[in-house]
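Asker: Before I ask anything, let me first share the structure, which is written out below as structure tokens.
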Amino acid sequence: MSVVHDPELERLLDDLHARSDRQSLISEYFAGRDTGADPPTAEKIKAFRADKFVALDRDKAEFCYQLCRATNARRIVEAGTSYGVSTLYLAAAVRDNIGASSDSGVVIGTEYEPAKASVARAHFEQAGLSGFIDLREGDLRDTLREIDGPVDFMLVDIWVVMARPALELVAPHLRPGAIVVCDNTNQFRNEYAEYFAFLEDPANGFRTITLPFGGGLELSVRCGL
């Protein structure tokens, strides 16, 4: 049983996860990095991912939903929306946290590829969650420069080299106790070196742990400076 008790949304998520699971090309493409073959350049990786259905694994997405519910998250930032699968979980959490109250909440998403953003918006509309999502198109170094209010939760599921820039922009807005989740930090440990350097700098006030999800899932808490 899904943690999202919304039958219509669950049916949509089932379909989107199935489509994502069928795209095994991504794992095959990156497999060469561990076999001694010449690794693809950053630009080649970016070009390859441009039209791929890259979705957060279901167990990780449900975990993020639960974290957001447990912390009563109302303002969430997602770096790397892609086709909006994980965004739906985050927006559902905001919706469910608000409930019947008059409070407000939002998921601020950012996506570089316009075609992906367009499809994501269609998914949001289909799920009835558009009102909880502010999807910004373009380079996150521009789209995440303006964030009003404290941030309760952040999901980083993006091209690895952009992970640290995203966190650096959002970190000043993270409230004490805010949670940051980042995907595949064990699988691409070396590539995430700069991201970990930021997390492990005492001046930034994080405590972090790598959870044993597939590829590793980093859970970091902003504990204050």
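Asker: Nearest 20 debye, what's the magnitude of the dipole of region 108-208 about its Cα centre given +1 on Lys and Arg Cβ and -1 on Asp and Glu Cβ?
Answerer: Numbers: 9 positive and 17 negative charges, 36 e Å.
Using only the charged Cβ atoms, the result is roughly 180 debye.
Asker: With N set to the number of residues, divide the alpha-carbon radius of gyration of the chain by 2.2 N^0.38 Å and report two decimals.
Answerer: On the way: Rg = 16.7 Å, N = 225, 2.2 N^0.38 = 17.2 Å.
The chain yields a ratio of 0.97.
Asker: When Lys and Arg each count +1 and Asp and Glu each count -1, what net charge do the other residues less than 15 Å away from residue 196, Cβ to Cβ, add up to? Before the final figure, lay out the partial values.
Answerer: Working: positive: 164, 189, 207; negative: 168, 183, 191, 194, 200, 201, 218.
Taking every Cβ under 15 Å from that of residue 196, the sum is -4.
Asker: Also, I was wondering about something else. Which one, 177, 138, 149, is farthest towards the positive end of the dipole of region 130-187 when Lys and Arg carry +1 and Asp and Glu -1 on their Cβ?
Answerer: Positive-end residue among those listed: 177.
Asker: Give, rounded to the nearest 20 debye, the magnitude of the charge dipole that the chain has about its Cα centre when Lys and Arg contribute +1 at Cβ and Asp and Glu contribute -1 at Cβ. Numbers along the way, then the final one.
Answerer: Details: 24 positive and 35 negative charges, 44 e Å.
Taking the Cα centre of the chain as origin, the dipole is about 200 debye.
Asker: Let me ask you something else. If packing is taken as the average count of other Cβ atoms within 10 Å, what order do 125-135, 158-168, 142-152 fall into, highest mean first?
Answerer: On the way: 125-135: 18.0, 158-168: 20.2, 142-152: 15.4.
Output ranking for 125-135, 158-168, 142-152: 158-168, 125-135, 142-152.
Asker: Averaged per residue, what accessible area in Å² does the chain show with a 1.4 Å probe, protein chains only?
Answerer: Values: 10620 Å² over 225 residues.
It amounts to 47 Å² per residue over the chain.
Asker: Which of the listed residues, 18, 118, 167, is farthest toward the dipole's positive end in the chain, when Lys, Arg count +1 and Asp, Glu count -1 at the beta-carbon?
Answerer: Highest projection toward the positive end goes to 167.
Asker: Å³ per residue of the Cα convex hull, for region 144-225?
Answerer: Each residue corresponds to 79 Å³ of Cα convex hull volume.
Asker: Can I ask one more? Placing +1 on the Cβ of each Lys and Arg and -1 on the Cβ of each Asp and Glu in the chain, which of 196, 206, 104 has its Cα farthest towards the positive end of the resulting dipole?
Answerer: 206
Asker: Given 0.36 nm per residue, what is the gain on full extension from residue 103 to residue 146 after removing their alpha carbon distance, in nm? The partial results should precede the final answer.
Answerer: Details: separation 43, 0.36 × 43 = 15.48 nm, distance 2.12 nm.
Extra length available between residue 103 and residue 146 comes to 13.4 nm.
Asker: Let me ask something else about it. At a 1.4 Å probe, what is the % contribution of carbon and sulfur to the accessible area of the chain?
Answerer: Working: 5310 of 10620 Å².
Roughly 50 percent of what the probe reaches on the chain is carbon or sulfur.
The values are calculated or read from the model by the stated rules, or taken from the named source; none is laboratory data. Keep in mind that this is a model prediction, so the values were computed, not measured. Note that we place each Cβ from the backbone using ideal geometry, even for glycine, and neighbour counts take in every protein chain shown. These accessible areas exclude ligands, DNA and RNA; they are computed on the full protein's heavy atoms, side chains included. Shrake-Rupley method; radii C 1.70, N 1.55, O 1.52, S 1.80 Å.
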